[in-house]
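In what follows, a single structure is set out as structure tokens and then discussed.
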Amino acid sequence: MKQSLYYIWLQCALGISSSLRTQEILAAFSNARAIYEASDYERRIAGVFTNLQLDKLRRTPLCQAELILEECARQKLHILSPQDPAYPTLLRHIPNHPLVLYMRGSLDFLAEQLPLALVGTRRADRKSVDIASRLSSELVRAGCAVVSGGALGIDSAAHWGALHAGGKTIAVLGCGLAFDYLPENSSLRQRIAQNGAVISEYPGNTAPTPRSFPIRNRIISGICAGTIVVEAGEKSGSLITATCAAEQGRDVFAVPGDAFGSTYTGGNKLIREGAKPVFSAMDVLEEYELVYPELLNMREATRDLERPSANPEKIPVKKPTKPVGASCVRPLTCPTQHAPPAGEHNSPLPPGLSPLEQKILQCLSGRQMHIDDITKAVNISMGELFMALTKLEIEGLVAQAPGKVYMLCQN
């Protein structure tokens with residue numbers, strides 16, 4: 001019988017928690033199967049279980065794990081236990097590593113790339129999204145794999161930046177992989193699974209809770225040699241990830257921001273407490289140049305995130321666009337709150353866009369629109385619209401002019 005079955009059983013019995021002393025428990029027994037086959041007396045004298053845990057081990061049937069194993073087979077999910085060679089090496093070394101990882105995609109590339117976490121606020125401003133995307137792209141070009149949480153804002157920018165540079169990225173979710181988490185990011189998760197992995201320690205359709213994300217954060221930092229924070233408020237969940245990284249003995253970096261901006265308070269505080277400030281990918285990579293020389297290509301990194309590369313092909317995220325009124329921009333008309341008439345959008349829509357993104361492109365066909373007018377035209381919240389526009393900007397399909405005015409850009 002598969003070893004993963006017993007690890008799932010152990011996870012069912014002990015639960016999922018960042019306070020679970022996984023490393024200590026598995027050190028006392030050779031593996032999860034040995035715990036399952038041990039007597040109550042052997043489990044007790046090992047000295048690694050509480051009385052409540054001992055009771056749960058007695059009462060949890062193996063068939064509970066068998067049902068999860070069968071569901072994973074139906075969902076075509078891979079299952080990794082700490083015994084599996086594909087289980088992330090760095091993650092296995094933290095004291096509270098997950099007993100089970102459920103996965104879409106593959107983690108085989110981790111043997112040849114340096115994993116770094118890039119996290120930040122879900123409500124990022126445009127400049128931070130651009131910085132996160134550029135930073136992610138440069139890191140993967142230099143031989144890194146980017147790890148983040150699959151959420152909106154900085155997480156999405158980190159994943160998209162890695163994908164557009166042709167690199168590998170890992171999304172660590174705080175819910176089961178079969179749960180429809182953030183439907184607007186479903187296409188992103190599909191791309192990640194094809195060019196990296198989407199993983200979770202939560203089985204099946206487990207719904208996210210406020211508690212599950214802080215528990216998840218130890219995995220993001222645990223997989224990686226270092227964690228980079230881009231725009232985080234004083235109470236941002238990204239600071240939990242940074243704290244986990246520090247407790248795990250991993251490096252912590254932060255991109256400095258507005259000294260008086262509340263959404264940058266957390267990152268600036270990290271720098272004050274000893275995190276290394278990041279102004280370019282080189283600031284991160286030089287910390288690992290001598291440790292992982294066989295993994296990194298330092299020639300691909302620059303010392304400037306603010307200035308695009310002179311070579312358009314080297315721009316990490318956005319395709320080069322000309323200012324408003326230049327020839328690359330479609331002819332402009334007066335702003336309107338209504339979608340254009342049928343047939344006005346002559347160019348075929350790019351494949352793989354969500355219905356919302358298609359609707360935005362149709363609204364912007366042949367005109368420029370203020371973000372408030374777009375919100376009314378497509379009838380969604382400002383937050384959803386902002387994330388969709390951000391993705392379209394990263395794709396090089398939409399450009400933003402001063403005053404939060406958007407327009408299409410010809411490629």
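Summary table
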read-out	value
Inter-centroid distance (Cα atoms) of the range 82-155 relative to the range 242-273, Å	18
Inter-site label distance for Arg126 and Ala27 at 7 Å from Cα along Cβ, in nm	5.2
Estimated [θ] at 222 nm from DSSP helical runs (n ≥ 4, -39500 (n - 2.57)) normalised by residues in the chain, nearest 500	-11500 deg cm²/dmol
The range 353-368 - phi-based ³J(HN,Hα) in whole Hz, Karplus 6.51/-1.76/1.60, Gly and Pro as x	7, 6, x, 5, 5, 5, 5, 5, 4, 5, 5, 8, 4, x, 7, 10
Förster radius 30 Å - calculated FRET efficiency between Leu52 and Ala73 (Cβ-Cβ, nearest 0.05)	0.45
Virtual spin-label span in nm between Leu62 and Glu286, 7 Å along Cα→Cβ	5.7
Cα lying deepest toward the dipole's positive end in the range 1-157, options Val146, Pro82, Ala32, charges on Cβ	Val146
Cα gyration tensor, the range 245-288 - rounded (a/c under 1.5), prolate or oblate	oblate
Partner aspartates and glutamates for Lys391 [C-alpha distance under 15 Å; skip if fewer than 8 residues away on the same chain]	Asp125, Asp130, Asp155, Glu184, Glu357
Cα-based shape type of the range 192-232, given that a ≥ b ≥ c are square roots of the gyration tensor eigenvalues and the cut on a/c is 1.5	oblate
Cα gyration tensor shape of the range 106-313, rounded if a/c is under 1.5, else prolate or oblate by comparing a/b with b/c	rounded
Nitroxide proxy distance, nm - points 7 Å out along Cα→Cβ at Ile371 and Ser18	3.0
Neighbourhood charge, 14 Å Cβ-Cβ cut-off, centred on Glu70 and excluding it, Lys, Arg +1 and Asp, Glu -1	+1
Proximal aspartates and glutamates relative to Lys276, as straight alpha-carbon distance under 14 Å, when same-chain residues fewer than 8 apart are discounted	Asp251, Glu286, Glu287
Theoretical FRET efficiency, 1/(1+(r/R0)^6), r = Cβ-Cβ of Glu37 and Asp108, R0 45 Å, to 0.05	0.90
Highest average packing first - 22-33, 195-206, 222-233, 156-167, Cβ atoms within 10 Å	222-233, 156-167, 195-206, 22-33
From the C-alpha gyration tensor of the range 1-151, square roots of 5λ in Å	35, 17, 15
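Values quoted throughout were computed directly from the atomic coordinates according to the rules given, and no laboratory measurement underlies them. Source: prediction; values computed, not measured. Methodologically, a virtual Cβ is constructed for each residue, glycine included, from the backbone with ideal geometry; neighbour enumeration extends over all protein chains shown.
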